[in-house]
1. Please report the net charge: other residues with Cβ closer than 9 Å to the Cβ of residue 240, K and R +1, D and E -1.
2. With the chain treated as a Gaussian network of Cα nodes joined by springs under 10 Å, which of 202, 171, 119 yields the largest mean-square fluctuation?
3. With charges only on Cβ, +1 for K and R and -1 for D and E, what is the dipole size of the chain about its Cα centre, in debye, rounded to 20?
4. Using all C-alpha to C-alpha distances in the stretch 156-315, build P(r) with 5 Å bins and read off the rounded percent in each one.
5. With springs only between Cα atoms under 10 Å apart, run a GNM on the chain and tell me which of 234, 211, 130 wobbles the most.
6. Which three extents, in angstrom, do the Cα atoms of the chain have along their principal axes, listed largest first?
7. In a shell of Cβ-Cβ distance under 9 Å around residue 65, excluding residue 65 itself, what net charge do Lys and Arg (+1) and Asp and Glu (-1) give?
8. Going down the table (174/265; 126/207; 47/191; 265/307; 76/265; 207/265), which pairs top 21 Å between alpha carbons?
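Values quoted throughout were computed directly from the atomic coordinates according to the rules given, and no laboratory measurement underlies them. Here the structure is a predicted model, which means the values were calculated and not measured. Please note: Cβ atoms are built from the backbone with ideal geometry, for glycine as well, and neighbour counts cover all protein chains shown.
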Amino acid sequence: REERSQQSNLRMLPAGAETAAAFVTPAAIAAAPVRNLDRAVHDGKQKAALPGTLVRSEGDGPSGDDDVDMAYDSAKQVYDLYFAEFGRDSIDGMGMKLIQTVHHRRKFNNAFWDGTQMAYGDGDGKIFSTFLELSVIGHEMSHGVVQFSGGLVYEGQSGALNESFADVFGAIVKQHATGESVDHSDWLIGKAILGPDINGSALRSMKAPGTAYSDAVLGQDPQPYHMDFYVNTTSDNGGVHINSGIPNHAFYLYCQYMGGNAWEKPGQIWYHALQRLNNPNAVFHDWATQTMESAMELYGIGSMDAKLLRRAWKLVGIEV
Ligand code: ASN
Ligand code: ZN
């Protein structure tokens, strides 16, 4: 029935109109994502309750609180990356409101996605000085994208893949916001969020996992860059923030092989792979295989793009 009505519409158009650029088919209208950027930033007032007090809604001017305004501005940069480069309308792909809470709890040393919103502590001023940094905000929002793309169970290797997707897209958001190419990025997650008591440059490094900090309080950055150094542990949900260094580094290496911008072929492959994965319990090898299938589907079975991806995975000890 749809087919027939489209055809009769076409027949009523003047000759040649079918091919005119101005003619948008009903199918194209259905496929084109609609932009629904809708932000809400709350002040947690250093209490545990979420979301707290609404201080800035979509379209409102600056609040005067730098943390509120950083969260508001950064949420647009994350939204813009997913919309412009991946055709995704918000975290759920359906225009979901981006809800954020700053000043969550007192001296709270973390930021998180709770399944419905983002929350950021102020840090204790010693170990962490802030969590309002674009790669961190991109990381937390990307946990939401993972959740609404079928999910990855937050434990062991599937959890480390969830963490890694969040880091990869946190890094991509940062690069996209400044137009930075892969060879000009520092590949740091949470640069300058560490407090004055800590000896380090960031929370994690995708370029050199294990080197982000070395400190008497936090110890040595525990991230491995190769399967030979995979950490078997029961803490941190089975090392989800530790072993994520391995797929993080594979993405970094692939970007170095490819050159250009991370949101182009490498980001497209990673995003497409997440949409196709359909396995919340995927382990590293499953994910690497899925990225290979995505690379071949998007860029060709015998493509250099796919060959270089296989080489990047091999360099971190994963053979696909
Ligand atoms: N900041 C952490 C993260 O997003 C919070 C957590 O452990 N889930 O990974
Ligand atoms: Zn995370």
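1. -3
2. 202
3. Roughly 420 debye, rounded to the nearest 20.
4. 2, 10, 18, 22, 21, 15, 8, 4, 1, 0, 0
5. Maximum fluctuation in the GNM of the chain, among the listed residues, is at 234.
6. So the extents along the principal axes, rounded to whole Å, are 76, 50, 34.
7. Details: positive: 56; negative: 43, 66, 67, 69.
Result for the local shell: -3.
8. Violating the 21 Å limit, Cα to Cα: 126/207; 47/191; 76/265.
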